[in-house]
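Colleague: First the structure, then my questions, so here it is.
Throughout, read-outs are computed from the coordinates displayed, never taken from laboratory work. Source: prediction; values computed, not measured. Please note: Cβ atoms are built from the backbone with ideal geometry, for glycine as well, and neighbour counts cover all protein chains shown.
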Amino acid sequence: MAKKLTVAAIQMISSANLADNLRAAERLIKNASDQGAAVVALPEYFCLMGLADTDKVKVRESFGDGPIQDALQNFAQKYQIFLIAGTIPLAASDPLKVLNASLVFNPEGQYIARYDKIHLFGFQTSHERYQESETIEAGSQPTTVRILHEGNEWVFGLSICYDLRFPELYRQQAEVDCQIIPAAFTHTTGKDHWEILLRARAIENQCYFLASAQGGLHQNQRRTWGQSMLVDPWGNIVSELPTGEGYVLGELDSAVLEEVRSKLPALKHRKLIR
């Protein structure tokens, strides 16, 4: 019998004010939950888009202890959802850097998974420069998480933003039901690459992709692309939000996964080429 699960990707235009961002996140989580979402994903840097890259270091927390994590636990429990908490800055071995971490909480408010961003964005033109390695310490471990909802088990893969450009990461998580990817794609790269990369990764890995993005002009004058979306295993966009604050809602359907994988069993056709 086919199983279904309603999921939501939240889109924000986060500011340099932590308290304001947490209030906005809760409002959007509540709205998505009221619409039936059992799994809700926040975007990368949802809690802070600082005026300077070093601002996130000032609010970093030890894993398992801090006001941002306390708020996230409360949101998950209060709205009875599985919350994929975008990314938050956690303490790294270097005191001048953070780990850009995505935490997952269950409806009891308990932490059940963590992924630290592996691939760190670097991009430079005559008028834009981003170098995440200056303030972020890279993670190293791919992560999946299993959740149980209404007696049905679902497997989610975790990745973050720039990871989307590295297909080998997703091959290490083969045959998950859905990949969750919080992001803050720049407008420059997003307009050309965001949609095509998401759809390609969904087609390659024959699973859903739920992408929660930053989407607008921020207080620090950075402009992010937006276009949060749910993509199905055939590469079709189920729902999307071009820009601005809000959320997209959609349904994971195990029958769709089974149909795609049975009529074109590409994952079973893989050959290791040395």
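Colleague: In whole Å, how far is the Cα centre of region 1-29 from that of region 143-184?
Modeller: A separation of 18 Å, based on Cα centres.
Colleague: Please compute, for the alpha-carbon atoms of the chain, the extent along each of the three principal axes and give them in descending order in Å.
Modeller: 50, 45, 34
Colleague: Could you give the Stokes-Einstein D for region 179-246 in µm² per second, using the C-alpha Kirkwood radius, 4 °C, 1.567 mPa s?
Modeller: 109 µm²/s
Colleague: Would you kindly compute the Cα radius of gyration of region 98-149 and its largest Cα-Cα separation (Dmax), both in Å?
Modeller: Looking at region 98-149, its Cα Rg and Dmax stand at 15.1, 49 Å.
Colleague: Tell me which residues come under 5 Å, amide H to amide H, from Glu137 once H is placed; ignore anything under 5 positions away on its chain.
Modeller: So Glu137 has HN proximity to Val98, Leu99, Asn100.
Colleague: In addition: Neighbouring Cβ atoms within 10 Å as the yardstick, rank Asp253, Asp65 fewest first.
Modeller: With the sparsest Cβ surroundings first, the list reads Asp65, Asp253.
Colleague: Continuing with this model, one more query. Which whole-number percent gives the relative contact order of the chain, counting Cα pairs below 8 Å spaced six or more residues apart?
Modeller: So the answer I get is 21 percent.
Colleague: If one takes the longest principal axis of the Cα atoms in the chain, at what angle in degrees, from 0 to 90 and to the nearest 10, does the Cα axis of helix 18-34 lie?
Modeller: In the chain, helix 18-34 runs at an angle near 20 degrees to the longest axis.
Colleague: Do me a favour and compute the ellipsoid semi-axes for region 15-87 from its Cα gyration tensor, root of five times each eigenvalue, largest one first, whole Å.
Modeller: 22, 13, 9
Colleague: Mind checking which of Leu96, Tyr208, Val145 is farthest towards the positive end of the chain's charge dipole, using Cβ charges of +1 (Lys, Arg) and -1 (Asp, Glu) about the Cα centre?
Modeller: Going by the charge dipole, the pick is Tyr208.
Colleague: Same structure, new question: Where nothing but the Cβ of Lys and Arg (+1) and of Asp and Glu (-1) is charged, how large is the charge dipole of the chain around its Cα centre, in debye to the nearest 20?
Modeller: 520 debye
Colleague: In deg cm²/dmol and to the nearest 500, what is the mean residue ellipticity at 222 nm of the chain if only DSSP H runs of at least 4 residues count, each as -39500 (n - 2.57), divided by the residue total?
Modeller: My calculation for the chain gives -7500 deg cm²/dmol from helical runs alone.
Colleague: Provide Ile181, Ile118, Ile273 in ascending order of the number of other Cβ atoms located within 10 Å of each residue's Cβ, fewest first.
Modeller: Fewest-to-most Cβ neighbours within 10 Å comes out as Ile273, Ile118, Ile181.
Colleague: Moving to a separate point now. With 28 Å as the limit, write out which pairs from Lys3/Lys56; Lys4/Lys78; Lys3/Lys191 have Cα-Cα distances beyond it, or answer none.
Modeller: Among Lys3/Lys56; Lys4/Lys78; Lys3/Lys191, the Cα-Cα distance tops 28 Å for Lys3/Lys56; Lys3/Lys191.
Colleague: Can you list the HN-Hα couplings for region 79-84, worked out from phi with the Karplus curve (6.51, -1.76, 1.60; θ = phi - 60°), rounded to whole Hz and with x for Gly and Pro?
Modeller: Once θ is set to phi - 60°, the couplings for region 79-84 become 9, 6, 10, 8, 10, 9 Hz.
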